[in-house]
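Asker: Got a structure here, written out as structure tokens. Questions coming.
The values are calculated or read from the model by the stated rules, or taken from the named source; none is laboratory data. No experiment lies behind these values; they were computed from the predicted model shown. Here the Cβ positions follow ideal geometry from the backbone for every residue, glycine too, while neighbour counts run over all protein chains shown. SASA here: full protein model, heavy atoms, side chains in, ligands and nucleic acids out. Shrake-Rupley method; radii C 1.70, N 1.55, O 1.52, S 1.80 Å.
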Amino acid sequence: MGTTQSTHTNAREITLSSPSNGNQKNEPSSVSGRKTQQSEISNPRVLVSFDDDVVVHENNEEDSVTDFCDTDDSLFDENEVYDFEDYSNDDADDEDEEDEEWNERLAILEDARNLKQMADFYLNPHKPVVACSESMGRNYFERPSAYVLEEESEEEERAMILQEARALKQLAVDYLHPEKPVVSTDATAFGRNYFDRASALEQEDEEEMEERDAILQEMAILKQLAVDYLHPELPMVTSDPTACGRNYFSRASAEEYEEEEMMDDREDILEDMALLKQLAVDYLHPEKPVQVDSLASCRNYFDRASAPETMSVEEAEERALVLKDAQALKQLAVDYMHPELPVVTSDPTACGRNYFDRASALEQEDEEEMEERDAILQEMAILKQLAVD
């Protein structure tokens, strides 16, 4: 494809038209911009290759691009006579310079067209290849500069290596993700029993299995005994409804009991300790209510013989007044220190007077003084704002 494009872009058909007058030069063509020679040309068709700067005629004759405008007898009529001596040396030099410039201009335009065609091929690879009937191409894979192709054995080995790599990858995925379901696309695929396969591990016989079960059962019983010993606070749990027990103290292997005298002494000691404990509780917790027997009796604490001397009525009344004054002073101190506290009263008949209308209140300002004071304060606020600004 690359060869076809290069042949297509580097080969152009250029048609040369004959001049209208033998002594007059034609203007540039509207298609190729090519000036025609100052002679009659029988419209030959040529192929121009700018890679080798060669012009190929229909009769397979080759001319240089730069020498295309030179005098060639094959392009002119042999019967027509041209008189080149009529031209001066200056005209000949000017014509040579124009021919050189014209050839250079043609080469630049052809290069631009080639670049444009290459850009179109690059941007539009989907377009079909348009080639000349004379163009030909070569096989991309059999060209001399082509990469060395693999042999059939190497291709088979590479295919086997890739297949093994895919199988290893699938094994790794199955190992890392056992939760994935088994997916099979083969309808005829089947499996065998894991335990009955030829390479399966040897199974235990019935006797070994029974012995192993017995050992595990004994280990479970020993574990339960260890738990019962380390955690006596756990409740007794049994699943046997017919299970029964015996008295620990009445069993045949029980220890001997104490004698009657030792038991009486022990009971007396425990009773004394219970009384001491009760006295300690009553002393430490006087707020607890007194629990007494219905047959128990008591005496007045204040009328007992060992009671301290009590105050008289006058002393009690005086003491009550002192305490009342102290409580009032305390309330005044609280009101003074905490003016934010609300006024609380328990007397529904209590009433108050207006602080500002009382007889001993300070004299209030009249309305004019208040308005004047407000105006002064407003002016001071404006002056302060001006000073801040």
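Asker: Provide the gained length on full extension for the span residue 238 to residue 252, in nm with one decimal, where the gain is 0.36 nm per separating residue minus the Cα-Cα distance.
Answerer: Extending this stretch completely gives an extra 2.6 nm.
Asker: To make sure I understand the rule: partners must be lysines, Cα under 16 Å from the Cα of residue 169, and not fewer than 8 residues away in the same chain. Which ones qualify?
Answerer: Candidates past the 8-residue exclusion: 180.
Asker: Could you tell me the center-to-center distance, by alpha carbons, between region 193-209 and region 345-388 in angstrom?
Answerer: 107 Å
Asker: While we're here: Solvent-accessible area per residue for region 151-262 at a 1.4 Å probe radius, Å²?
Answerer: Here the per-residue accessible area is 106 Å².
Asker: How large a share of the accessible area of region 258-380, in percent, is made up of carbon and sulfur atoms when the probe is 1.4 Å and the other protein chains stay in place?
Answerer: Percent of accessible area from carbon and sulfur atoms in region 258-380: 57.
Asker: Modelled label-to-label distance, residue 153 and residue 373, 7 Å Cα→beta-carbon offset: nm?
Answerer: My value for the distance between the label points is 12.1 nm.
Asker: Given the Cα-Cα distance of residue 305 and residue 176 and 0.36 nm per residue of separation, how much length would full extension add, in nm?
Answerer: 36.9 nm
Asker: Answer rounded, prolate or oblate for region 151-219, using the Cα gyration tensor with square roots of eigenvalues a ≥ b ≥ c: rounded when a/c is under 1.5, else prolate when a/b is larger than b/c, else oblate.
Answerer: Note, shape of region 151-219 comes out prolate.
Asker: Also, quick follow-up: Ignoring ligands, DNA and RNA, what accessible area per residue does region 297-389 give at 1.4 Å, in Å²?
Answerer: Counting only protein heavy atoms, the per-residue value for region 297-389 is 105 Å².
Asker: Now, a different point. Once phi is turned into ³J(HN,Hα) by the Karplus curve 6.51 cos²θ - 1.76 cosθ + 1.60 with θ = phi - 60°, what whole-Hz value does each residue of region 183-199 show in order, with x for glycine and proline?
Answerer: With coefficients 6.51, -1.76 and 1.60, one gets 10, 9, 9, 8, 5, 8, 5, 9, x, 10, 6, 5, 7, 9, 5, 5, 8 Hz.
Asker: Something else: Let me make sure I get this right: for region 232-301, a, b and c are the square roots of the gyration tensor eigenvalues over alpha carbons, sorted descending. Under 1.5 in a/c it's rounded, otherwise prolate if a/b > b/c, else oblate. Which is it?
Answerer: prolate
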